[in-house]
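**Student:** One structure follows; several queries about it will come next.
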Amino acid sequence: MTRSVEGARFVTYRTFPPELYEKFLRTYVTPFSPDGTPDVIDLGCGSGGMLEQLLGLYPKSSVIGVDISPQAIDACRQRPALHDGRARLVQEDMMGLVLRPDYKGRFGLVTSYSVLHIVPGPTPPKFHLLRYLTRPGAIVAVDALPRVPWNAFLFVVLKILFRLRIATLAIRVLGPFVAPNMPKDYIKELSRLDYMKFFRVSDFLDLGYLETEEFRAAFELLRFDIKPQDGFFTGRKARFVLRRKG
Ligand SMILES: C[S@@+](CC[C@H](N)C(=O)[O-])C[C@H]1O[C@@H](n2cnc3c(N)ncnc32)[C@H](O)[C@@H]1O
C-alpha cells in the first residue's frame, strides 16, 4: 500500500463549494480553452466537484476522473450529474497511467486540483505523466502546493500539532480566524481529515522544474500564479496553465 493511499483514504472534500471549481475553471481553463471537443481527464478527482463542472463546460466531451481512493470514487458515484454516460471513473494511482497506451497523447484538457503535492515522489515524473497524457496543443491546468519556504514552515507546524494530537482542535478553533473565507462546513471537514500529517514537503512541486530544458521542450507556460489558499496563514498554492507543444 502506498503512502498516498494511506493518507488519501478519507479525503472526499464533499463540502467544497461548486464556486471554487467554477472560479478555477474560469481563470485557468476557459481563457485558454482547447478547440473542439477535447477528451478531458481530472487527476485526483476526489468527490467529483471538478468533474461535474467539466461536464457542463464541455457538453460533448468525454470526461474521465481518476482517483486512487475507493471512497472518493464512491462519492463521485453519488453525484447524479456524473451518471450522464460521458463521465468515466477510474480508481487507480495516477502515476500508473503512463502504462496505459490508450491514454497516451489522448487528452486535450488535463486538470488536477489540490493533488500533485499529495502524490509521493519528485516533481519530474509528475510532469512526465502530464506529457504522456496530452496531445499537441492540449491545455493542462494545475493547482498544487509548491516547495516554498512558507509552506515548509506551515507543514512543520501542522505536523507538530498532529503529534501533540491537538491539530483537530487547532484547525477548528483557529480556522475561522486564519481562513475567514473558507466555508464553516469545510473547516469542520478539514479538521476531521488527518491526511495532512502524511504531507511531506519533498513531495510538493519543485518550481525549479519549470525552468528546465526538459519542461520547455514539452510545454509552454501560459499562466503562473502563487496564491494564498485563503487568508494569510494558509498554504501557498501554485496555479498554472500549460500548453503541450507539438
Ligand atoms: C485534496 S483531495 C482533492 C480532490 C479533488 N481534486 C477536489 O478538488 O476535491 C486529493 C485527492 O487526490 C487523490 N490522490 C492522492 N494520491 C493519488 C494518486 N497517486 N493517484 C490518484 N489520486 C490520488 C486523493 O484520493 C484525493 O481524492
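Here's the yes/no breakdown for (1) assigned to a loop (DSSP other than H, G, I, E, B); (2) within 13 Å of the ligand (Cβ to nearest atom):
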| position | (1), (2) |
| --- | --- |
| LEU20 | no, yes |
| PHE24 | no, yes |
| PRO38 | yes, no |
| GLY108 | no, no |
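**Student:** Restrict the check to region 89-98 and report whether at least one residue is within 15 Å of the ligand (Cβ to nearest atom) and under 22 Å from PRO17 (Cα atoms).
**Tutor:** Yes, that holds for at least one residue.
**Student:** Could you please tell me which pairs satisfy a Cβ distance under 7 Å, a separation of 6+ or placement on different chains, a first residue in region 106-121 that is at pLDDT 95 or above, and a second residue that is within 12 Å of the ligand (Cβ to nearest atom) and in a loop (DSSP other than H, G, I, E, B)?
**Tutor:** Going by the 7 Å Cβ cut-off, the qualifying pairs are SER112/GLY44.
**Student:** What is the number of the single condition among (1) modelled with pLDDT under 95; (2) crowded, with 16+ Cβ neighbours inside 10 Å; (3) assigned by TED's automatic domain parsing to the domain that holds ALA72 that PHE233 does not meet?
**Tutor:** (2)
The values are calculated or read from the model by the stated rules, or taken from the named source; none is laboratory data. Keep in mind that what you see is a predicted model, and the values were worked out from it rather than measured. We place every Cβ from the backbone using ideal geometry, glycine too, and count neighbours over all the protein chains shown.
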